[in-house]
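Asker: Got a structure here, written out as structure tokens. Questions coming.
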Amino acid sequence: MADTSLTLVVDQTDPLEVQGRGGKELLKKVVNHLDGFLGGSKRATSIQVFADGANPVAASATLTLASCAAGTVVEVNGVPFTALNGTATVANNEFDMAGTDTVDATALAAAINNSTSAAIANVVTASSAAAVVTVSADQKGALGNGVTLKSLGVVATGTVTYSSSSGAQTCTINGVAVTAPTGATDALMATSLASSINGASNALHTGHVRALARAGVCHVFAKYGGPAGNAITLAVTGTGATASGARLTGGVVTQGEGAVASGTVTIAAGGSGNYTVTVNGVATGNVAWNTDEGTTAAAVKVVFDALTSALVMDHVNCTVAAGVLTVTALKGGVAGNAITLACSGTGATASGARLTGGAAPTTVVASAERLASGAGGAVAVSTINL
């Protein structure tokens, strides 16, 4: 006969010494009663008692939605739930954010409850009231305090679109090629690429991106929130394959990090000679004046993006528009204000010696990064032989 376990909660007014003679006799009576209730099919040789002096309480935490944007990712117990505008698919752990905050909260709670992920199903349950989603552990007790709940903010995204695709195809992310996609139709090509990205073993893929396919388009999402994802490169080759851009875009600092620091380098019209931009002491090297300020600034950005120093790659992102290079910290908060900025070249001006504007967070979306206040359960365990 297979071993069987049973959870029994005894709500007692007076203390009971379960290890003593009287306690054992009471437990034997309980076992005999259960044995009769189960039709005499079970026999108990011992009982485990989990005693901590308090009623078990489920751990929980809340997440508040405020003007949730498309691309916002909420991570529950390591599983990402992505906000999309009216095209949510439950199987992909997505939720529709096209309504009011209250409607969006309801959609997120439903997405969590309908998830088939092993880290979600029978582990947590979500509910919503107004714009607040409450995530509670299914198992009462302190163990539920280990379940994580995070708002990653708006993650950077990119797409690979297939249209009348044919022949050999490639996709390269962060400079490393993904297994070449294959498929008889554009939809199958997108599905194949998404599968290759999600099943990749290279750390430049597994630690940085995930993907899903829909109607011939492979959507690539950064695994972490904020502008850091905007540095992830994306390239494709092959007939009928088009990438949305050379890098993922749209990553916005999480609300829990605070404002990001930034600075600019402006190249004026009528320049000449060579130009450099230096961040955290790392210089781009000389870039020659080319035609006008806009073309020259764009050329400087290309060289900047090619820098491999961790002092640049791990700390800042660079954008360019009309002769102005904007250098932005990848993380919010005051730490970004320490990043140094300098430039050289005729008519080139830096906004300051350091980035500015980094500030402490003013809004925290998640009440905590883990569920909390779970109590009871397996604190003190006693095995009583009957």
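Asker: Could you check segment 281-295 and list, in sequence order, the residues that are surrounded by 17 or more Cβ atoms within 10 Å (Cβ to Cβ) and part of a loop (DSSP other than H, G, I, E, B)?
Answerer: 284, 289
Asker: For residue 185, all conditions in the list (1) more than 28 Å from residue 298 (Cβ to Cβ); (2) of a type outside the set (A, V, I, L, M, F, W, C); (3) in contact with a strand residue (DSSP E or B) (Cβ under 8 Å, 6 or more places away or on another chain) hold save one; what is the number of the exception?
Answerer: The one condition residue 185 does not meet is (3).
Asker: When residue 171 is evaluated against the numbered criteria (1) of a type outside the set (Val, Ile, Thr); (2) modelled with pLDDT of 90 or more; (3) farther than 30 Å from residue 315 by Cβ, which criterion, by number, is the only one it fails?
Answerer: Here residue 171 meets the rest and fails (3).
Asker: A follow-up question, please. Select from segment 69-84 the residues that are within 16 Å of residue 135 (Cβ to Cβ) and either surrounded by fewer than 22 Cβ atoms within 10 Å (Cβ to Cβ) or among the acidic types (Asp, Glu) (or both) and write down the one among them that is farthest from the chain's Cα centre (by Cα).
Answerer: 77
Asker: Still on this structure: Find the strands (runs of 3 or more DSSP E) located wholly in segment 104-157 whose residues include 3 or more that are in contact (Cβ under 8 Å) with a residue 40 or more places away in the chain and surrounded by 18 or more Cβ atoms within 10 Å (Cβ to Cβ), and list them.
Answerer: Result: 132-137, 149-154.
Asker: Separate question: Is it true that residue 196 is surrounded by 17 or more Cβ atoms within 10 Å (Cβ to Cβ), of a type in the set (Gly, Ala, Ser) and under 26 Å from residue 247 (Cβ atoms)?
Answerer: yes
Asker: Here's another thing I want to ask about it. Of the numbered conditions (1) of a type in the set (Val, Ile, Thr); (2) touching a Leu at 6+ places or on another chain (Cβ under 8 Å); (3) at pLDDT 90 or above, residue 254 fails exactly one; give the number of that condition.
Answerer: Result: residue 254 fails condition (3) only.
Asker: For segment 62-94, what are the residues that are assigned to a loop (DSSP other than H, G, I, E, B), among the small types (Gly, Ala, Ser), more than 20 Å from residue 208 (Cα to Cα) and out of contact with any Phe, Trp or Tyr (no Cβ under 9 Å at 6 or more places or on another chain)?
Answerer: Scanning segment 62-94 gives 66, 67, 69, 86.
Asker: Tell me, please, whether a residue that is part of a loop (DSSP other than H, G, I, E, B), surrounded by fewer than 21 Cβ atoms within 10 Å (Cβ to Cβ), touching a helix residue (DSSP H, G or I) at 6+ places or on another chain (Cβ under 6 Å) and not polar (S, T, N, Q) can be found in segment 269-276.
Answerer: Yes, segment 269-276 has at least one match.
Asker: Does residue 184 meet the test of being free of Cβ contacts under 8 Å to residues at least 24 places away in the same chain, of a type outside the set (Ser, Thr, Tyr) and farther than 20 Å from residue 67 by Cβ?
Answerer: Answer is yes for this residue.
Asker: Quick one: would you say residue 161 is farther than 15 Å from residue 84 by Cβ and in contact with a Leu (Cβ under 9 Å, 6 or more places away or on another chain)?
Answerer: Considered against the rule, which asks whether it is farther than 15 Å from residue 84 by Cβ and in contact with a Leu (Cβ under 9 Å, 6 or more places away or on another chain), residue 161 comes out as no.
Asker: Identify the residue in segment 170-189 that is of a type in the set (A, V, I, L, M, F, W, C) and closer than 19 Å to residue 208 by Cβ and, among all such residues, is surrounded by the fewest Cβ atoms within 10 Å (Cβ to Cβ).
Answerer: Among those residues, the one meeting the criterion is 176.
Asker: State the number of residues belonging to segment 158-177 that are in a strand (DSSP E or B) and more than 30 Å from residue 112 (Cα to Cα).
Answerer: Residues that pass the stated criteria total 13.
Asker: Failed condition for residue 263, given (1) at pLDDT below 95; (2) in contact with a Leu (Cβ under 6 Å, 6 or more places away or on another chain); (3) of a type outside the set (A, V, I, L, M, F, W, C), with all others met?
Answerer: With respect to (1) at pLDDT below 95; (2) in contact with a Leu (Cβ under 6 Å, 6 or more places away or on another chain); (3) of a type outside the set (A, V, I, L, M, F, W, C), residue 263 is out only on (1).
Asker: Can you name the residue in segment 303-325 that is part of a loop (DSSP other than H, G, I, E, B) and of a type in the set (A, V, I, L, M) and, of all such residues, is nearest to residue 338 (Cα to Cα)?
Answerer: 307
Asker: Residue 227 passes all but one of (1) modelled with pLDDT of 90 or more; (2) at negative phi; which number fails?
Answerer: The one condition residue 227 does not meet is (1).
The values are calculated or read from the model by the stated rules, or taken from the named source; none is laboratory data. Being a predicted model, the structure only gives us computed values, none of them experimental. Note that we place each Cβ from the backbone using ideal geometry, even for glycine, and neighbour counts take in every protein chain shown.
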